[in-house]
Amino acid sequence: MRPAVIISSFLQGEDIIVAFISSVKNRIQKTDIILNSQDKNFSKTGLKADSVIKIGKIATLDKKIILGEMGEISIDTEKEINKKIKILFGL
């Protein structure tokens with residue numbers, strides 16, 4: 001089971017777009033977002049350790065394979081994701 005954050009808010013149908021989350025923090029890319037366990041909102045994520053949202057590792061998945069929701073990210077992290085997606089695609 002690999003954690004991921006949903007980055008498609010208006011996609012209809014059977015698919016969903018996600019960015020994968022990793023607890024491995026080596027080789028941080030400029031599009032990565034570090035989730036620090038010391039952050040005040042970290043407990044809401046449902047993650048157990050410092051993690052990295054890997055915006056460069058996005059995938060389209062069938063909604064049927066999603067096992068469930070483990071937590072949520074802050075509004076600030078959502079804004080950071082939007083910025084990193086623009087960097088990734090040169091927008």
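We did not get these values from a lab; they are worked out from the coordinates using the rules stated. The structure displayed is predicted, hence computed values, not measured ones. Please note: Cβ atoms are built from the backbone with ideal geometry, for glycine as well, and neighbour counts cover all protein chains shown.
Remark: the LEU67-ILE34 segment gains 9.5 nm on full extension, using 0.36 nm per residue and subtracting the alpha carbon distance. By the helix-only formula, in which each DSSP H run with n ≥ 4 contributes -39500 (n - 2.57) and the sum is divided by residues, the chain has a 222 nm mean residue ellipticity of -5500 deg cm²/dmol.
GNM on the chain, alpha-carbon springs under 10 angstrom: the most fluctuating residue among ILE81, ILE73, ILE65 is ILE65. Below 10 angstrom from the Cβ of GLU14, what's the summed charge of the other residues (Lys, Arg +1; Asp, Glu -1)? So the surrounding residues net to 0.
Binning all Cα-Cα separations of the range 37-84 at 10 Å, short to long from zero, yields these whole-percent fractions: 21, 51, 28, 1.
Hull volume per residue, based on the alpha-carbon atoms of the chain and their convex hull, is 101 Å³.
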